[in-house]
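Written out below as structure tokens is the structure these notes cover.
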Amino acid sequence: MDAAKAMRVEYERPDIKADEINPFLSDLGLGKKCKIACVPTTSGTGAEATFCVVLSDTADQRKLSLINREIVPDIAIVDPACAASMPPSITSSTGIDALTHAVEGFTSTWKNDFTDGICLKAIQLVFQYLPRAVKDGSDMEAREKMANAATLAGIGFINSLAALAHATGHALGGVFHTPHGRAVGLFLPYTIEFIGDVREDLWAEIVRFLNIDVPKGKKASAVLAEAIRDLAKNINEPLSIKELNIPKDKFDAAMEKLVDNVMADGTIIVTARIPSFAEAAKFLQYAYEGKSIDF
Ligand SMILES: [Fe+2]
């Protein structure tokens, strides 16, 4: 869907290359030569409902997050039957992308009243139905709820943007080709821990909405991070970069590139606590080892 959205721009506006798509291009005049209808066959990216395109720059080993309001698809056809044949590992990695959109969309600095409710509902749907969809792909109620969750999360996060889990996920995926949802989902609990107190009230709101108690003396950020790690374990998603079988020497050798990619990612600007270069490197090391963030 992202590729189609980019190709459509190049088709209708041959003077604009896909990697030049940015928020400041106005009056693209799209829709004169074609319309675009997106039909998702996974339940996660929400790309059918967003005005974002993520492209891989293979030469520069990075992912480009490109945004322009005029590139939103004209039509989205969200039919759970189209996603019914997804194998469990794609169901889980794409599903956790939807969760990451919703959590980041609910807590970014661009969060707003129009996206809050949508994001909360999407979070709830993923917690309730993703394990079912992974366990039994023929469970059409779970498939439908996940299809809805993904589109809702797409509508939510595109209007408030994603944050650090996406910046780090894009960075890792650009260098090591980890599937998008798996990468951002892996970084989500670390992101919640890193942002921590800055958004404590919002972590508490999410946890309350999920009917999860916060024990006395514990922070809502820690409780939510733990709940997401439990969910990830339950659906066989990795909790650390090490579990992706990326050798430590290769990871260390790529560190400078990874940190540069994180800090240059468009989503970093709306992160409620923006890391320094040194913090980004430490964050990635902790995520490699599976250590909870304590700085
Ligand atoms: Fe995503």
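The values are calculated or read from the model by the stated rules, or taken from the named source; none is laboratory data. All of these numbers come straight from a predicted model, not from anything done at the bench. Please note: Cβ atoms are built from the backbone with ideal geometry, for glycine as well, and neighbour counts cover all protein chains shown. Keep in mind that these areas ignore ligands, DNA and RNA; they rest on the heavy atoms of the full protein, side chains included. Shrake-Rupley method; radii C 1.70, N 1.55, O 1.52, S 1.80 Å.
Determine whether Thr191 is among the polar types (S, T, N, Q), farther than 20 Å from Lys111 by Cα and within 16 Å of the ligand (Cβ to nearest atom). For Thr191, the condition - among the polar types (S, T, N, Q), farther than 20 Å from Lys111 by Cα and within 16 Å of the ligand (Cβ to nearest atom) - is not met. Looking only at residues of region 28-50 that are open to solvent by less than 50 Å² (accessible area, probe 1.4 Å) and touching a strand residue (DSSP E or B) at 6+ places or on another chain (Cβ under 6 Å), we find that the one that is farthest from Ile155 (Cα to Cα) is Cys38. Looking only at region 135-153, residues that are out of contact with any Phe, Trp or Tyr (no Cβ under 6 Å at 6 or more places or on another chain) and open to solvent by 20 Å² or more (accessible area, probe 1.4 Å) come to 11 in all. Residues that are open to solvent by less than 10 Å² (accessible area, probe 1.4 Å) and in contact (Cβ under 8 Å) with a residue 24 or more places away in the chain number at least 2 in the following helices (runs of 4 or more DSSP H) confined to region 174-275: 180-195, 200-209, 220-234, 255-264.
Here Ala183 meets the list (1) more than 11 Å from the ligand (Cβ to nearest atom); (2) among the aliphatic types (A, V, I, L, M); (3) under 22 Å from Pro247 (Cβ atoms) almost entirely, failing just condition (1). Name every residue in region 75-91 that is within 16 Å of the ligand (Cβ to nearest atom) and either surrounded by fewer than 22 Cβ atoms within 10 Å (Cβ to Cβ) or within 18 Å of Arg229 (Cβ to Cβ) (or both), in order of residue number. The one that is within 16 Å of the ligand (Cβ to nearest atom) and either surrounded by fewer than 22 Cβ atoms within 10 Å (Cβ to Cβ) or within 18 Å of Arg229 (Cβ to Cβ) (or both): Ile90. Given the condition modelled with pLDDT of 95 or more, part of a helix (DSSP H, G or I), in contact with a Gly (Cβ under 7 Å, 6 or more places away or on another chain) and away from the ligand (no atom under 14 Å from the Cβ), answer yes or no: does some residue in region 92-111 qualify? No, region 92-111 has no match at all. Is at least one residue of region 1-16 open to solvent by 60 Å² or more (accessible area, probe 1.4 Å), within 13 Å of the ligand (Cβ to nearest atom) and either in contact (Cβ under 8 Å) with a residue 60 or more places away in the chain or part of a loop (DSSP other than H, G, I, E, B) (or both)? Scanning region 1-16 turns up at least one residue that is open to solvent by 60 Å² or more (accessible area, probe 1.4 Å), within 13 Å of the ligand (Cβ to nearest atom) and either in contact (Cβ under 8 Å) with a residue 60 or more places away in the chain or part of a loop (DSSP other than H, G, I, E, B) (or both). Which one of these is under 22 Å from Ala183 (Cβ atoms), part of a helix (DSSP H, G or I), away from the ligand (no atom under 16 Å from the Cβ) and among the acidic types (Asp, Glu): Asp19, Asp60? Testing whether each residue is under 22 Å from Ala183 (Cβ atoms), part of a helix (DSSP H, G or I), away from the ligand (no atom under 16 Å from the Cβ) and among the acidic types (Asp, Glu) leaves just Asp19.
Among the residues of region 117-172, the ones that are in a loop (DSSP other than H, G, I, E, B) and under 13 Å from the mean Cα position of the chain (by Cα) come to 4 in all.
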